[in-house]
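Visitor: Okay, here's the structure, questions in a sec.
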Amino acid sequence: MRYLKASAILLATSGLAPVAAVPAFAQEAQAEPVRYSAEAFFDTTSYIMAAPAGYGFSADGKSILISNDSSGVFNAYTLPVAGGAPVAVSRSPDNATFAASFFPADDRVLYTADKGGDELDHVFVREADGSVRDLTPGEKVKADFLGWSADGKTFWVTSNERDPEMFDIYAYDAGDYARKMIFQNEGYNIGAISRDGRHVALVKERTSADNNLHLVDLAAASPEPKLITEHQGNISYGVYDFTPDGRALIYATNEAGEWNQAWTYDIAGGAKAPLIAADWDVMYVSHSPSGRYRVSAVNADASTALTLQDASGKKVTLTGVPEGDVGGVRFNRDETMIAFTVASDTSPSDIFVADLATGQARRLTKALSSAIDEAQLVEATVARFKSYDGLEVPGILYRPREASAANPVPALVWVHGGPGGQSRKGYSAAIQHLVNNGYAVYAINNRGSSGYGKTFFHLDDKRHGDVDLKDVVASKAYLQGLDWVSDDRIGIIGGSYGGYMVAAALAFEPEVFDAGVNIFGVTNWVRTLESIPPYWAAFRESLYDEMGDPETDATRHRAISPLFHAKNIVKPMLVVQGANDPRVLQVESDEIVAAVKANNVPVDYLLFPDEGHGFLRKQNRIDASEAYLKFLDAHLARD
């Protein structure tokens with residue numbers, strides 16, 4: 001499902017008051033909290049369910065397929081339904097490995113892995129005897145698991161081996177892995193394949209606000225994409241899934257208003273009908289294999305509101321589940337049990353199972369480190385303020401337990417990636433580490449963020465480093481209006497596009513923030529847009545529509561690039577980078593560090609030789625978070 005702008009895969013103050021009070025933050029300051037190290041926070045285990053299009057339960061129903069990072073890097077595991085420790089499927093010491101699917105009738109497993117964060121994922125099979133085979137070999141190949149046929153005899157994989165810019169679909173025999181190309185792609189994003197293997201849903205990007213859906217009948221004599229969303233004006237579409245019987249496509253559209261709604265397209269007759277509408281975006285819609293149950297979720301003000309119902313529309317109520325966002329629902333083979341995750345602000349995702357007849361749930365994991373008392377962590381609150389032009393801007397606010405008017409604390413504006421990403425409620429080890437060590441954090445969802453309607457989403461198109469930066473600057477005034485924030489100790493932190501916003505704030509508004517943490521942020525848009533990976537070709541036009549075409553907008557790109565204005569930077573900066581990042585190249589960070597040093601301004605640089613765009617190795621995440629805290633303690637010193 002396409003939620004963000006194409007660019008999202010990259011990644012003046014006025015004393016303004018908040019729009020509304022924040023009742024949860026009206027409490028008195030508490031006693032000095034117990035301080036925990038980054039190692040304690042990242043000693044938590046991150047759990048991820050197998051791919052939604054795969055088999056999440058083993059054939060005998062006794063195990064669940066998951067990924068976790070308990071070894072220090074993500075690997076695939078099976079988790080006993082009856083309880084007990086996970087059993088390793090893969091044992092990579094360095095390359096992050098993610099579980100995709102069990103096989104239908106035996107204990108073989110499909111999983112994916114890249115090398116050192118280079119994002120060139122391959123699909124592997126772990127045989128019953130423990131041997132491993134790369135099903136998608138090739139030096140520059142990027143591949144992914146797409147799904148299983150209903151009869152379990154075939155699984156589908158996407159790969160760009162034929163053309164680095166295009167992902168074709170290959171059908172693999174589940175027995176001997178013989179394969180054949182069943183769809184040669186010419187410029188589309190692949191949305192889904194029906195379980196009977198007959199139809200493929202495709203997304204054709206046009207602009208950042210407009211695209212189309214096409215349908216391919218693979219059984220036709222000459223399979224050609226058929227346009228199914230002819231329309232006028234700007235409408236964004238996305239693919240959720242096909243119905244289990246293959247008779248309809250479930251798709252997303254914002255044609256009816258601000259929000260993504262779920263609609264169905266009848267394949268035989270072409271009729272369209274609304275399925276799910278809400279005052280927020282519908283995030284996803286899926287079904288159990290037989291179609292007996294439907295799972296859907298809505299992005300309700302930065303939290304997930306999930307609905308599980310049977311074919312009659314009767315909702316399944318789960319009991320024994322703690323407060324938090326429920327997600328990752330997977331069904332066992334006879335659809336009597338589900339596995340799912342639950343996460344909250346103070347607890348990472350844990351895995352539960354539930355009996356669908358009774359709804360009674362049972363916890364299988366405890367992700368939070370036993371060294372941490374969950375009561376010492378803080379609940380976040382959604383907080384809004386009016387920006388420089390009166391636009392209401394939302395964000396997620398974290399208040400340290402010791403913060404009060406008598407004991408104001410330093411604060412950080414946390415800027416998400418994208419630019420069309422969204423900071424949401426839920427557990428973040430990095431944020432909780434900072435808050436536990438005395439820093440307030442406001443995770444701003446500046447204009448251009450997803451989750452708040454299409455108008456808000458497109459307010460920054462071709463205005464990056466301008467209106468979105470002004471929102472970020474205005475958020476400082478909002479924080480200064482909170483009596484428990486130290487108004488002269490406010491910094492900025494962010495990764496990917498958020499890292500760009502850090503560098504942009506220090507270069508273009510050099511006196512606003514007192515320090516900045518730039519985590520693999522773009523600093524030279526001219527270079528970045530000219531060096532995008534070849535496999536982004538299907539949405540290159542949409543990306544350029546939003547960000548600007550390098551051939552015609554190079555002057556503007558240079559104007560908004562912090563590197564070319566680094567002489568203005570006078571406040572300390574920490575830069576953190578992965579050497580294998582294919583999106584934001586290491587040279588971006590190398591050059592901004594050199595430029596800030598030339599100003600005789602304090603700048604620290606942490607380079608991970610074994611990471612890409614995002615840090616998947618636990619020790620690197622620990623080292624990065626300790627570096628954030630050390631840098632901030634040096635430059636936003638607490639009393």
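Visitor: Sort His565, His416 from largest to smallest accessible area, using a 1.4 Å probe on the heavy atoms of the protein chains.
Guide: The ordering from most to least exposed comes out as His565, His416.
Visitor: Can I ask one more? Any idea what the dipole of the stretch 443-566 comes to, in debye rounded to 20, about its Cα centre with Lys/Arg Cβ at +1 and Asp/Glu Cβ at -1?
Guide: 140 debye
Visitor: Now, a different point. Hey, can you find the accessible area per residue of the chain for me, probe 1.4 Å, expressed in square angstrom?
Guide: Per-residue value: 38 Å².
Visitor: Check Leu146: other-chain or 5+ apart residues with amide H under 5 Å from its amide H, H built from backbone geometry?
Guide: Trp156, Val157, Thr158
Visitor: Can you give me the Cα centroid spacing of the stretch 253-298 and the stretch 147-193 in angstrom?
Guide: Cα centroid of the stretch 253-298 versus Cα centroid of the stretch 147-193: 25 Å apart.
Visitor: Treating only the Cβ of Lys, Arg, Asp and Glu as charged (+1, +1, -1, -1), what charge dipole size does the stretch 152-303 show about its Cα centre? Round to the nearest 20 debye.
Guide: 540 debye
Visitor: Quick one: divide the alpha-carbon radius of gyration of the stretch 244-286 by 2.2 N^0.38 Å and tell me what you get.
Guide: Here the Cα radius of gyration is 1.15 times the empirical estimate.
Visitor: On to the next question. Between Leu218 and Val132, with labels modelled 7 Å along Cα→Cβ, what's the label distance in nm to one decimal, could you check?
Guide: 2.8 nm
Visitor: Place a +1 charge on the Cβ of each Lys and Arg in the stretch 476-534 and a -1 charge on the Cβ of each Asp and Glu, then give the dipole magnitude about the Cα centre in debye, rounded to the nearest 20.
Guide: 280 debye
Visitor: Got a number for carbon plus sulfur as a percent of the stretch 307-358's accessible area, 1.4 Å probe?
Guide: The computed percentage sits at 49.
Visitor: Let me ask you something else. Identify the GluC sites (Glu not before Pro) of the stretch 485-586 meeting these criteria: DSSP loop state and at most 11 other C-beta atoms within 10 Å of the C-beta.
Guide: Answer by residue number: Glu511, Glu551.
Visitor: For every other residue with a beta carbon closer than 15 angstrom to the beta carbon of Pro223, add +1 if it is Lys or Arg and -1 if Asp or Glu, then tell me the sum.
Guide: That works out to -2.
Visitor: Here's something else I'd like to know. If you take the charge dipole of the chain about its Cα centre, with +1 on Lys and Arg Cβ and -1 on Asp and Glu Cβ, which of Tyr452, Ile396, Gln360 is farthest toward its positive end?
Guide: Gln360
Visitor: Right, another one. At a threshold of 8 angstrom on Cα-Cα distance, excluding pairs fewer than six apart, so keeping six or more, what relative contact order does the stretch 472-542 reach in percent?
Guide: Taking the mean separation of contacting Cα pairs over the length of the stretch 472-542, I get 27 percent.
Visitor: Mind grabbing the accessible area of Arg108 for me, 1.4 Å probe, Å², rounded to tens?
Guide: Using a 1.4 Å probe on the heavy atoms, I get roughly 40 Å².
Visitor: Could you check what % of the DSSP bridge pairs in the chain are antiparallel, to the nearest 5?
Guide: The antiparallel fraction comes to roughly 80 percent.
Visitor: Less than 18 Å apart at the alpha-carbon level, and either on another chain or at least 8 residues along: which lysines does that give for Lys630?
Guide: Correct list for Lys630: Lys571.
Visitor: Still on this structure: Find the centroid of the Cα atoms in the stretch 317-372 and in the stretch 576-638, then give the distance between the two in whole Å.
Guide: Taking the Cα centre of the stretch 576-638 as reference, the centre of the stretch 317-372 is 35 Å away.
The values are calculated or read from the model by the stated rules, or taken from the named source; none is laboratory data. Remember, it's a predicted structure, so these values are computed and weren't measured experimentally. Quick reminder, even Gly has a Cβ in these numbers, built from the backbone with ideal geometry, and neighbours come from all protein chains shown. Calculation scope for accessible area: heavy atoms of the full protein, side chains included, ligands and nucleic acids excluded. Shrake-Rupley method; radii C 1.70, N 1.55, O 1.52, S 1.80 Å.
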